[in-house]
Each structure stands twice: as structure tokens, then as C-alpha cells.
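Worksheet for the structure shown next.
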Amino acid sequence: MPQNSVAVVDYGMGNLRSVSQAVKAAAQGTGWQVVVTADPEVVRAADRVVLPGQGAIPDCMRELRDSGLLEPVLEAARSKPLFGVCVGMQMLLDHSEEGDTPGLGLIHGDVRKFQLEGRTQADGSRFKVPQMGWNSVHQCLQGGQPHPIWQGVPDGSFFYFVHSFYARPQDAAHCAGETDFGGRFAAAIARDNIFATQFHPEKSADQGLALFRNFLYWNP
């Protein structure tokens with residue numbers, strides 16, 4: 001891998017084209033090289049790693065194991081900046097209700113299914129699950145400051161969500177951003193060199209690109 005390289009992990013379950021194109025757009029003119037890879041050694045050699053995820057978490061966890069990429073991802077989580085996207089965020093936690101699935105245990109907490117049947121929103125309409133569309137994200141303070149990956153992104157900015165399950169980190173200090181859909185929940189989580197979002201930065205226009213750009217320069 002060239003110096004200043006970002007590996008987008010291809011284990012067969014990510015929204016790879018959209019994610020990789022967004023990271024490449026964020027990296028344009030910076031000298032960072034972005035590669036989509038299913039090669040464990042390329043993931044190991046990369047300076048930064050993006051873990052996308054799409055679909056059902058039992059399938060994502062199985063494919064990550066079967067692809068031989070589980071260990072390189074765990075190594076990355078111990079040693080270099082890692083960005084999880086959507087189900088790639090949910091996988092970082094201990095357990096998901098979806099399929100009673102163990103996660104990677106990198107951030108303590110669990111993933112729950114929305115239970116919003118019969119409830120109505122402020123405008124009188126019923127909540128629809130999955131949450132699908134744009135929602136405002138409120139940045140949580142960590143050590144008195146928003147996470148560095150929010151730099152230049154106004155608090156309350158809108159990002160694009162598609163999900164039926166939501167993350168509940170065990171320690172509130174690991175919540176980097178919250179949104180409200182039938183109640184407040186973690187829209188972004190972070191610990192040490194790990195940052196992850198439930199929403200899709202790659203589908204969130206300029207604010208999403210800003211997060212990926214900040215990730216390239218983040219030095220945890």
C-alpha cells in the first residue's frame with residue numbers, strides 16, 4: 001500500500017461503490033490513496049480503515065468472518081483510525097437483537113429494534129420503521145468538546161438514515177452524536193481511534209463528505 005492509504009473493507013456486505021466514491025471525493029487533492037479491498041494484508045498495511053455495512057447484521061458478521069477480514073479489522077481497531085458506517089457501526093457493539101447476533105465488542109453496548117408501533121409523530125403521522133430519510137444530528141460533547149470529526153460541521157446538521165435498529169452504547173461518553181426518532185438514540189459513537197455513524201455519510205451531501213475529510217486528518 002502507498003503511504004497515506006485508506007482501505008475500504010470489502011467483505012461482500014457494504015455499500016462499497018457509494019462509500020468508496022465519497023471517501024475518494026473527500027480525499028481529492030490531499031495525497032490520500034483510497035482502495036476498496038478484500039485482501040487482509042492490504043487492510044493491515046493501510047493507514048486508515050473504513051468498515052461499511054449494509055443489510056442484516058447476522059449476514060454481515062458471517063461474511064466478515066468467512067472473508068478472512070475479521071482479524072485485520074480487529075487489528076485496525078486496536079492500532080489505527082477506523083470509521084464504521086451504518087451496520088458497520090452496529091457491528092462494533094457487543095450484541096444485536098437482530099438475529100440474536102454477537103458483535104465485535106469494540107464498544108460496549110447493544111443494538112435494539114425500534115418499537116414504535118401505534119405511536120405518532122408531532123405532525124400526527126405514524127412512525128414508519130425503518131427510519132428512512134434525513135434527520136438532524138446533535139453533537140455530543142466528549143471532554144467538553146465535540147468529537148474532532150465534527151470539525152466544521154454545524155451542530156444539528158441533517159444526515160441520511162436507513163435503519164430499523166439503533167445502537168445503545170453502555171457508556172454515555174461513547175456517544176458522539178444523537179438524533180431523535182421516537183426518542184433520542186446514538187447516531188454516532190466513538191472511542192479512542194474508532195468513530196462510527198448510524199447514518200450514511202456517503203448519502204449525506206457536503207456534510208457527509210466533511211466527516212470523511214476530517215477522518216483523513218484525525219490523529220487520535
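The values are calculated or read from the model by the stated rules, or taken from the named source; none is laboratory data. All values derive from a computational prediction rather than experimental measurement. Cβ placement follows ideal geometry from the backbone for every residue including glycine, while neighbour counts extend to all protein chains displayed. Just so you know, the surface numbers come from the protein's heavy atoms only, side chains and all, with ligands and any DNA or RNA stripped out. Shrake-Rupley method; radii C 1.70, N 1.55, O 1.52, S 1.80 Å.
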Report the local net charge at Asn193: Lys and Arg +1, Asp and Glu -1, summed over other residues whose C-beta lies under 14 Å from its C-beta.
+1
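What stretch of the chain, leaving out the sites themselves, is the longest with no trypsin sites (Lys or Arg not before Pro) in a DSSP loop having at most 14 other Cβ atoms within 10 Å?
1-118
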Please state the relative contact order of the chain as a whole percent: Cα pairs under 8 Å, 6+ residues apart?
20
Picking from Met132, Gln207, Val19, whose Cα lies most toward the positive end of the charge dipole for the chain (charges on Cβ: Lys, Arg +1; Asp, Glu -1)?
Gln207
Can you show me the helix-derived [θ] at 222 nm for the chain, built from DSSP H runs with n ≥ 4 at -39,500 (n - 2.57) apiece and divided by the number of residues, rounded to the nearest 500.
-7000 deg cm²/dmol
Using a 10 angstrom cutoff on alpha carbons, build the Gaussian network for the chain and name the most mobile of Asp155, Asp100, Asp123.
Asp123
Using alpha-carbon positions, the gyration tensor of the range 133-220 gives root eigenvalues a ≥ b ≥ c; with a/c under 1.5 called rounded, otherwise prolate if a/b exceeds b/c, else oblate, the class is oblate
Ignoring ligands, DNA and RNA, what accessible area per residue does the chain give at 1.4 Å, in Å²?
44
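Restricting to lysines 8 or more places apart or on different chains, can you count the pairs in the chain with Cα atoms under 24 Å from each other?
Value for the chain: 5.
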With label points built 7 Å along Cα→Cβ from the Cα atoms of Phe158 and Phe127, find their separation and express it in nm.
2.1
Could you pull out which residues in the range 34-73 have an amide N less than 20 Å from a spot 7 Å beyond the Cα of Arg17, following the Cα-Cβ vector?
34-38, 51-56
For the range 156-220 and the range 43-89, write down the distance between their C-alpha centroids in whole Å.
16
Which of Ala22, Ala187, Ala173 moves most in a GNM of the chain, Cα contacts under 10 Å?
Ala173
Principal axis lengths of the chain from Cα atoms, whole Å, largest first?
54, 37, 32
Please build a GNM for the chain, connecting alpha carbons under 10 Å apart, and tell me which residue among Gln198, Gln145, Gln207 fluctuates the most.
Gln145
